[in-house]
4 protein chains.
Amino acid sequence: MSEPVGIAGDQLRAIVERIEKVEEEIKELTEGKKEIYQEAKANGFDVKILREVIRVRKQDQEQRDEQESLLDAYLEAIKVVPKVKKAA
Amino acid sequence: MSEPVGIAGDQLRAIVERIEKVEEEIKELTEGKKEIYQEAKANGFDVKILREVIRVRKQDQEQRDEQESLLDAYLEAIKVVPKVKKAA
Amino acid sequence: MSEPVGIAGDQLRAIVERIEKVEEEIKELTEGKKEIYQEAKANGFDVKILREVIRVRKQDQEQRDEQESLLDAYLEAIKVVPKVKKAA
Amino acid sequence: MSEPVGIAGDQLRAIVERIEKVEEEIKELTEGKKEIYQEAKANGFDVKILREVIRVRKQDQEQRDEQESLLDAYLEAIKVVPKVKKAA
DNA sequence: CACTGGAAAATGCCGC
DNA sequence: GCGGCATTTTCCAGTG
């Protein structure tokens with residue numbers, strides 16, 4: 001009765017386990033994040049505002065990334081490629 | 001231009017950086033997860049079903065956890081505490 | 001002062017009223033639920049445990065539903081459709 | 001083996017069933033609400049704004065209720081009670 | 001009345 | 001590109 005589904009079964013099992021492992025790690029980090037917020041709150045910070053700070057900074061970063069890629073486009077258009085970009 | 005908000009500035013900065021670091025790590029893991037799904041798909045697996053398998057397994061686990069906590073609640077209600085629970 | 005927005009006004013009004021009516025009904029039911037808990041408490045039941053019982057039973061049901069939908073997904077994936085599913 | 005828990009068991013069962021029935025009804029209404037939003041969207045309304053309209057109207061209503069109860073307080077203070085208030 | 005946990009909403013993402 | 005799905009965030013009820 002063992003191995004009824006054959007090779008694909010093993011493969012499936014491996015995939016499922018890998019995904020579950022990653023999700024477990026994500027869950028731990030998420031809990032860690034929650035704890036940081038709790039700690040901040042305990043130190044008198046307003047969590048809601050703190051979240052907004054994070055959000056705004058993320059947006060800023062995205063804008064900066066956009067600008068940078070726009071700059072890349074310009075540079076490429078005039079044939080002066082930057083040395084490195086980032087890992088794909 | 002330096003130290004505009006004074007007192008809590010350093011603390012705030014530290015908190016924000018810690019959160020952003022954790023979020024960065026989460027993001028990387030999430031991308032890793034995505035790649036696993038892609039890879040599975042490339043190997044002929046049905047991603048939709050795969051997701052559903054993961055979900056059902058997760059619910060199984062949660063189910064078990066909650067049954068356990070329900071039992072704990074019963075036991076506590078009738079004053080028969082279990083010897084050990086779990087590591088905090 | 002009457003009919004300020006014109007065309008879609010009536011339609012919008014109708015939508016808003018329908019939603020508000022439904023929300024009103026939900027609110028009443030929620031209050032009814034609260035009363036049942038209070039009554040149970042007055043009869044000596046432990047509300048906390050009661051809630052947990054309800055929760056676990058709900059999850060049981062969801063579990064069953066998802067198992068079923070997973071099965072459906074499998075059957076569909078291997079092209080063996082079940083005869084009937086459920087009333088839309 | 002039947003009826004191991006006695007009278008309280010029946011009572012508990014009844015309570016659980018009543019709660020579950022109410023929750024079922026709430027769930028149906030909630031789904032109905034969702035459908036109204038979907039329908040509105042299909043008719044070209046912006047759901048997010050629609051929600052905001054509902055929210056604002058609710059706030060207005062609450063303010064009006066507050067004002068009313070304030071008025072009641074005044075009236076009572078000067079001994080002129082209003083005919084009806086609302087169902088407790 | 002502040003804190004926790006659970007429901008609803010907003011957002012982002014992917015496939016069609 | 002749009003609608004459905006998954007994740008994240010926000011909100012609210014319940015609890016101590």
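Yes/no per residue for (1) more than 10 Å from chain B (Cβ to nearest Cβ); (2) over 21 Å from the mean Cα position of the chain (by Cα); (3) modelled with pLDDT under 85:
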| residue | (1), (2), (3) |
| --- | --- |
| A:VAL5 | yes, yes, yes |
| A:LYS27 | no, no, no |
| A:ARG55 | yes, no, no |
| A:GLU76 | yes, yes, no |
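Pairs, please: C-beta under 6 Å, at least 6 apart or cross-chain, first residue without any contact (Cβ under 8 Å) to a residue 12 or more places away in the chain and within 14 Å of DNA strand E (Cβ to nearest atom) and in region C:34-53, second aromatic (Phe, Trp, Tyr) and assigned to a helix (DSSP H, G or I)?
That search, which allows pairs on different chains as well, returns C:VAL47/C:TYR37.
So C:LYS21 clears everything in (1) at pLDDT 90 or above; (2) within 16 Å of DNA strand F (Cβ to nearest atom); (3) part of a helix (DSSP H, G or I) except one condition, right? Which one?
For C:LYS21, the exception is condition (2).
Scan region D:59-74 and give yes if some residue there is closer than 30 Å to C:ALA8 by Cα and either surrounded by 13 or more Cβ atoms within 10 Å (Cβ to Cβ) or within 12 Å of chain C (Cβ to nearest Cβ) (or both), otherwise no.
Our first condition is that a residue be closer than 30 Å to C:ALA8 by Cα; within region D:59-74, this holds for D:59-65.
Subsequent filtering for residues that are either surrounded by 13 or more Cβ atoms within 10 Å (Cβ to Cβ) or within 12 Å of chain C (Cβ to nearest Cβ) (or both) retains D:60-61.
For region D:59-74, residues closer than 30 Å to C:ALA8 by Cα and either surrounded by 13 or more Cβ atoms within 10 Å (Cβ to Cβ) or within 12 Å of chain C (Cβ to nearest Cβ) (or both): present.
The values are calculated or read from the model by the stated rules, or taken from the named source; none is laboratory data. These numbers were taken from a predicted model, which means no experiment stands behind them. Glycine gets a Cβ as well: all are built from the backbone with ideal geometry, and neighbour counts include every protein chain shown.
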